[in-house]
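The values are calculated or read from the model by the stated rules, or taken from the named source; none is laboratory data. As the structure is a computational prediction, the values presented were derived from the model and not from experiment. Backbone-built Cβ (ideal geometry, glycine too); neighbour counts: all protein chains shown. These area figures cover heavy atoms from the full protein model, side chains too; ligands, DNA and RNA do not enter into them. Shrake-Rupley method; radii C 1.70, N 1.55, O 1.52, S 1.80 Å.
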Amino acid sequence: MSYEVTIEPTGDVIEVEEGQTILDAALRQGVWLPFACGHGTCGTCKVQVTDGFADVGEASPFALMDVEREEGKVLACCCMPESDLVIEADIDVDPDFAGYPVQDYSGTVTEIIALSPTIRGLRIRLDRNMEFQAGQYINLHVPGVAGSRAFSLANPPSSSQEIELHVRKVEGGKATTWLHEALKVGDRLELSGPYGQFFVRKSDEQGAIFIAGGSGLSSPQSMILDMLAEGDGRPIYLFQGARNLAELYNRELFEQLAVEHDNFHYVPALNAPLPEDDWQGFTGFVHEAVADYFEERCAGNKAYLCGPPPMIDAAITTLMHSRLFERDIHMERFVTAADGAQEQHRSALFKRI
């Protein structure tokens, strides 16, 4: 049995199978609804049911309060229709968003690379091509671990059958520990994608400032490789932050790209270089490198931020002091299951934070 769900104000109509959530059905049919955690704890996917009946599912009482339930509000990531529905959603889809439908894939691990002491690079050959926009992510099912884990795609969309992931080992994290210590070349993994609203706004011809920390380099790497391969001539800047030289992975790749492309500028920053690093580059946090490079004049660019929440917050402050504001700041925060249930890997516009 399936139910028909009409989404206002866009008028999109989706088919939702019995036992399937509204969000899952929408994403798999190429219809985007705002969401973040995906499991009922953040409230980003809250919608209003205006006609029909539904099971609210396992929505957190903090994300969906009793008074909201009485008003007919539900969380799309938990809600399962019990009849045909009409819902109202706060949809603000960017015109540059391609809206590729989410699908399930099987893949075989073809390569495991030690990118840094804490980050592994995985290459996975899929059973078929995956269409996605540079900057999006996949949900990976890790054997023996409940649920799924989100990892950004580091390869450009032109590499559509063999994907690349950057996995940071999280202390106490069952999924990342398994991926670092037990995964072998030849193993098969299940995943779904693409997800997310983190992508280059190519219709806007302003320069692009990428700010990345840790394994947050994955999305900017995909986006920059895609832009340069397409011959994008706008100024492109990558600011990459790490603690020390060993953690500054893929440095040679970006140094070579800067040699090959006059419009690409690479600025690495180390906040705690070791004596043996003999570091001659910028010393400090990555947001400080941005302020130093632009001398507090970032206007005329779009900024794309990807990394842990403290880095994102500091970068936002720097950019706003440098006359770059909400409409031109886009981000992807990297948080982990160990950070608690409040927040999961997010792809959101600044205004939704």
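Which of (1) closer than 25 Å to I224 by Cβ; (2) of a type outside the set (S, T, N, Q); (3) modelled with pLDDT of 95 or more is the odd one out, the single condition F198 does not satisfy?
Going through (1) closer than 25 Å to I224 by Cβ; (2) of a type outside the set (S, T, N, Q); (3) modelled with pLDDT of 95 or more one by one, F198 breaks only (3).
Given the structure, is E190 open to solvent by 50 Å² or more (accessible area, probe 1.4 Å), assigned to a strand (DSSP E or B) and out of contact with any helix residue (DSSP H, G or I) (no Cβ under 7 Å at 6 or more places or on another chain)?
Considered against the rule, which asks whether it is open to solvent by 50 Å² or more (accessible area, probe 1.4 Å), assigned to a strand (DSSP E or B) and out of contact with any helix residue (DSSP H, G or I) (no Cβ under 7 Å at 6 or more places or on another chain), E190 comes out as yes.
Look through A289, A315, A269 and report the one residue that is modelled with pLDDT of 95 or more, closer than 14 Å to A242 by Cβ, touching a strand residue (DSSP E or B) at 6+ places or on another chain (Cβ under 7 Å) and part of a helix (DSSP H, G or I).
None of the others qualify; the one that does is A289.
In region 114-153, how many are in a strand (DSSP E or B), more than 26 Å from G40 (Cα to Cα) and open to solvent by 50 Å² or more (accessible area, probe 1.4 Å)?
4
Out of curiosity, is Q221 at pLDDT 95 or above and either in contact with a helix residue (DSSP H, G or I) (Cβ under 8 Å, 6 or more places away or on another chain) or not in a loop (DSSP other than H, G, I, E, B) (or both)?
Spelling it out, Q221 is indeed at pLDDT 95 or above and either in contact with a helix residue (DSSP H, G or I) (Cβ under 8 Å, 6 or more places away or on another chain) or not in a loop (DSSP other than H, G, I, E, B) (or both).
Report yes if some residue within region 43-54 is assigned to a loop (DSSP other than H, G, I, E, B) and over 29 Å from Q133 (Cα atoms); otherwise report no.
For region 43-54, residues assigned to a loop (DSSP other than H, G, I, E, B) and over 29 Å from Q133 (Cα atoms): present.
Can you run down the residue pairs with Cβ atoms below 9 Å, 6 or more apart or on separate chains, where the first is in region 41-56 and farther than 13 Å from A76 by Cβ and the partner is β-branched (V, I, T) and part of a strand (DSSP E or B)?
Sorted first by the residue in region 41-56, then by its partner, the pairs are T50/V86; T50/I87; D51/T6; D51/V86; D51/I87; G52/V5; G52/V86; G52/I87.
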